[in-house]
Protein chains: 2
Amino acid sequence: MSDTSLRHRRGKTTLVVRGPEGQPLPEQPVTVAQQRHAFGFGNIGFDFVDLVGGPRPEADGQPFGGTDQVDLERLGELWLNLFNTATLPFYWGSYEPRRGAPDTERLTKTARWLAERGVTVKGHPLVWHTVQPPWLLGVDLDEVERLQRARIRDLVGGFAGLIDTWDAINEAVIMPVFANGDNAITPLARARGRIHMVRMAFEEARAANPAATLLLNDFDLSSAYECLIEGVLEAGIRIDAIGLQTHMHQGYRGEEQMQQLLDRFARYGLPLHLTETTLVSGHLMPPEIVDLNDYQIPEWPSTPEGEARQADDIARHYRSLLAHPAVESINYWGLTDRGAWLGAPAGLVRADGSRKPSYDALEALIKGEWWLPPTTMRTDADGTVTVEGFLGDYTVSAGDRTARFTIDAADTAATIDLA
Amino acid sequence: MSDTSLRHRRGKTTLVVRGPEGQPLPEQPVTVAQQRHAFGFGNIGFDFVDLVGGPRPEADGQPFGGTDQVDLERLGELWLNLFNTATLPFYWGSYEPRRGAPDTERLTKTARWLAERGVTVKGHPLVWHTVQPPWLLGVDLDEVERLQRARIRDLVGGFAGLIDTWDAINEAVIMPVFANGDNAITPLARARGRIHMVRMAFEEARAANPAATLLLNDFDLSSAYECLIEGVLEAGIRIDAIGLQTHMHQGYRGEEQMQQLLDRFARYGLPLHLTETTLVSGHLMPPEIVDLNDYQIPEWPSTPEGEARQADDIARHYRSLLAHPAVESINYWGLTDRGAWLGAPAGLVRADGSRKPSYDALEALIKGEWWLPPTTMRTDADGTVTVEGFLGDYTVSAGDRTARFTIDAADTAATIDLA
């Protein structure tokens, strides 16, 4: 199904450029510039929570992310240069470490800060069995379900308009048999079944924000996930996108394996979101590790060879993913190495804030090969100009007058008033 | 959930033994003997098809099974001594190698021969992607589905009363992504989904024989199968038992792993059938083999050490399975080594018809420790006698008069007329 020409990512539009009185402007030099990709180039925005929202009320820290060598200005610049979609952390255990005292204010501030900069904000995750609040242990199943439902409604309803995309449920495949830590969600999933859990997540979230984009998200990309999706769809639960995690601490899987994977999940006719993708710039985790969490080492340095490999891998990975028409977004899991999951050198930026080659490689695609920089063109005798480029938002300007337009299909037309 | 005392497999019944005129027979010596286990001790009966039904019309042979050194009398004696449930082969490709010319007659003869000897006959499988008829390749999907549905109706309806247990669908987890041989079923499953395939199999079979016991059967015992089962149950498809394959050519999995497995699948409240279980009496297949079919060697001999290990394993395996209350039957996959799947020395009997230690070990359980041999007891002053034993069918006799009774619960009572 893939098409490496990426023609499905591109479009053109023919603009009739008009002046203040509505007259077409023939033979007029105009500057056209892309402003935003329609494709979701995402990253986690966990580091922003402390930097924008302020330090946590408690000292128990974020589970992942965090930075102390890169300030908000530098981090914001690096982040916003490449990404248009941010995933913010709503792990129950860190969001509401004490019952009834959720971290709403800091998350709201952070989401607003991102949204004001044109970033689409996504929340992660509404239901999961990991990073659970200790106060939920020992609560009886009916009450756990009631609290879980209330949490979904409160989050999705409370953040509606600011956050309209959610990982509704995370890792439902393993949920009822998860054995790597006591929690209240696994017994609920075991007693009531995966499909019950998925229905609970989607129905509550949908009711709280009918406009939300709601995802299933999983790391288990085996037939198990296919079977779960088929069961969920058969049960009449509407899901908006399939989330595929691809933490590749053990090495890039290669284009062929990724394409096969995408084809398998594209069968359901739903958009695919690569929700969590990671490539390390140090040594690879040994292949015999099954649960990545089991790999605990004191230090995992970024190396020159590792950084060269990561840069090469990331360009191949993004090219290959964009080539598949079902893929709608890619979310890289971390910008800097500080506080990265598992201590892995998975960032695109070193702990000191300097760019790795992978950052440059990604910039060369997202803001280079796949991007229309400010370009001067000339309208023809009818005042029209044809712009070709990647699907997304653009501006056209003449002198100090600027208007916005969108390329959202293979071939469209629009009239632009430079008022 | 397990109970190694096996008390859930045992029961007792208090019999009032009456004579020809209906009077209780006090202080009467009677002989009580078990005739049959309620538990399904099964094996494949593939070898009987040639021996009872006669040679195949074509020379293309059975896919599995087959014997030329053991005649019907010897094979029947060995088989019937241990087993009460036979699985017969209805692989589409071998059952109907030429379109419209199914092997009905030989299978009917064989099923009758077994049924006349008190054996419950099961058919395997109605829907599968392997051992497919070549004439089905290239047929369009709608027609494949029509033919598949007709096959299910014809088999299940035609054999109703003789065969009332079927593996309705085999290996549905891998079905849409199976890549180890072109066939017409994989594209159907890929286009229409696993749950569609399962529904097709169960609905057609149920309609053709409402009294049938219909199984899902799979070798994939990972979360994928759980997810499939949950989706199928959520879709409202009634399944009567969950079939679990356990071909252990790479070694016995051990009691602990087996119990965890059984607990995982017992959650659905359905009976568990160990449909295909194998333990070899030679060297073990290397652990790195993923698809057992990929292991092709010229010769795989049975060895004295292997036979000792197999005997030990089989006793542990059967004890552990019977200890779990959800398990309703165990079907061993092969009696003799001749023509065994993969050429493995998986039989309980050597190719020359001599018993291996595993046969003796199984006999010591099924017809020894778990069996009530003819036992003389004495009725009390009221003409009653209490019989304890494994759930199943029994006879009680005095002189030349014999009557049958059943122990089907922990504690029951019955009146027996020795007419």
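For the range B:349-363, a residue qualifies if it is closer than 21 Å to B:Asp71 by Cα and in contact with a Phe, Trp or Tyr (Cβ under 8 Å, 6 or more places away or on another chain), and exactly one does: B:Val349.
Among the residues making up the range B:175-214, those that are without any contact (Cβ under 8 Å) to a residue 60 or more places away in the chain, more than 19 Å from B:His273 (Cβ to Cβ) and either in a loop (DSSP other than H, G, I, E, B) or of a type in the set (Phe, Trp, Tyr) (or both) are B:Phe178, B:Ala179, B:Gly181, B:Asp182, B:Asn183, B:Ala184, B:Gly193, B:Pro210.
In summary, A:Glu363 fulfils each of the numbered conditions (1) of a type outside the set (A, V, I, L, M, F, W, C); (2) in contact with an Asp or Glu (Cβ under 8 Å, 6 or more places away or on another chain); (3) surrounded by fewer than 21 Cβ atoms within 10 Å (Cβ to Cβ) with the single exception of condition (2). Would you mind stating whether A:Leu147 is touching a helix residue (DSSP H, G or I) at 6+ places or on another chain (Cβ under 9 Å) and within 10 Å of another protein chain (Cβ to nearest Cβ)? For A:Leu147, the condition - touching a helix residue (DSSP H, G or I) at 6+ places or on another chain (Cβ under 9 Å) and within 10 Å of another protein chain (Cβ to nearest Cβ) - is not met.
Taking the range A:104-132 as the range and being in a loop (DSSP other than H, G, I, E, B) and under 21 Å from the mean Cα position of the chain (by Cα) as the test, the residues that pass are A:Arg117, A:Gly118, A:Val119, A:Pro125, A:Leu126, A:Trp128, A:His129, A:Thr130, A:Val131. Determine, yes or no, whether B:Val144 is in a loop (DSSP other than H, G, I, E, B) and among the β-branched types (Val, Ile, Thr). Criteria not met by B:Val144. Inclusion of B:Trp135 among residues that are in a helix (DSSP H, G or I) and in contact with a Lys or Arg (Cβ under 9 Å, 6 or more places away or on another chain) is warranted. Tell me, which residue of the range A:158-174 that is among the hydrophobic types (A, V, I, L, M, F, W, C) and in a loop (DSSP other than H, G, I, E, B) is surrounded by the most Cβ atoms within 10 Å (Cβ to Cβ)? Once the filter is applied, the top-ranked residue is A:Ala172.
Yes or no, residue by residue, for (1) at pLDDT 95 or above; (2) part of a helix (DSSP H, G or I); (3) of a type in the set (Ser, Thr, Tyr); (4) out of contact with any helix residue (DSSP H, G or I) (no Cβ under 9 Å at 6 or more places or on another chain):
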| residue | (1), (2), (3), (4) |
| --- | --- |
| B:Val232 | yes, yes, no, no |
| B:Gly243 | yes, no, no, yes |
| B:His273 | yes, no, no, yes |
| B:Thr278 | yes, no, yes, no |
| B:Gln296 | no, no, no, no |
| B:Ala315 | yes, yes, no, no |
| B:Ser320 | yes, yes, yes, no |
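Considering the range A:215-226, the residues that are within 14 Å of another protein chain (Cβ to nearest Cβ) and outside any loop (DSSP other than H, G, I, E, B) include one that is surrounded by the most Cβ atoms within 10 Å (Cβ to Cβ), namely A:Leu216. When restricted to residues that are of a type outside the set (Asp, Glu) and under 20 Å from the mean Cα position of the chain (by Cα), the range A:226-245 contains 6. Within the range B:108-138, the set of residues being touching a strand residue (DSSP E or B) at 6+ places or on another chain (Cβ under 7 Å) and under 13 Å from B:Arg151 (Cβ atoms) comprises B:Gly123, B:Pro125, B:Leu126, B:Val127, B:Trp128.
Answer yes or no: is there a residue in the range A:352-372 that is part of a strand (DSSP E or B) and of a type in the set (Gly, Ala, Ser). Checked the range A:352-372: no residue is part of a strand (DSSP E or B) and of a type in the set (Gly, Ala, Ser). Taking the range B:227-286 as the search range and keeping residues that are of a type in the set (Val, Ile, Thr) and more than 30 Å from B:Gly193 (Cβ to Cβ), which one is farthest from the other protein chains (Cβ to nearest Cβ)? Applying the filter and picking the extreme gives B:Val280.
Whether any residue in the range B:101-120 is under 30 Å from B:Gly368 (Cα atoms), of a type in the set (Asp, Glu) and either out of contact with any Pro (no Cβ under 9 Å at 6 or more places or on another chain) or crowded, with 18+ Cβ neighbours inside 10 Å (or both) is what I want to check.
Within the range B:101-120 (the criterion being under 30 Å from B:Gly368 (Cα atoms), of a type in the set (Asp, Glu) and either out of contact with any Pro (no Cβ under 9 Å at 6 or more places or on another chain) or crowded, with 18+ Cβ neighbours inside 10 Å (or both)), the answer is yes, since at least one residue qualifies.
Does A:Val131 satisfy being at positive phi and among the β-branched types (Val, Ile, Thr)? In short, yes. Exactly one residue out of A:Leu88, A:Leu51, A:Leu15, A:Leu82 is modelled with pLDDT of 95 or more and more than 24 Å from A:Thr120 (Cβ to Cβ), and it is A:Leu15. Here A:Leu284 does not fit the description of being within 21 Å of B:Val173 (Cβ to Cβ) and in contact with a helix residue (DSSP H, G or I) (Cβ under 9 Å, 6 or more places away or on another chain). Taking the criterion of being over 16 Å from B:Leu214 (Cβ atoms), within 10 Å of another protein chain (Cβ to nearest Cβ) and modelled with pLDDT of 95 or more, the residues of the range B:162-189 that qualify are B:Val173, B:Ile174, B:Met175, B:Pro176. The set of residues in the range B:208-227 that are closer than 25 Å to A:Ala191 by Cβ and hydroxyl-bearing (Ser, Thr, Tyr) comprises B:Ser222, B:Ser223, B:Tyr225. For the range A:192-214, the condition of being under 22 Å from the mean Cα position of the chain (by Cα), charged (D, E, K, R), away from chain B (no Cβ under 14 Å) and within 30 Å of A:Gln310 (Cα to Cα) holds for none of the residues.
Among the residues of the range B:283-294, the ones that are surrounded by 11 or more Cβ atoms within 10 Å (Cβ to Cβ), touching a residue at least 24 places away in the same chain (Cβ under 8 Å) and part of a loop (DSSP other than H, G, I, E, B) come to 3 in all.
The values are calculated or read from the model by the stated rules, or taken from the named source; none is laboratory data. Model, not experiment: these values are computed from the prediction. Cβ sites come from the backbone with ideal geometry, for glycine too, and all protein chains shown count toward neighbours.
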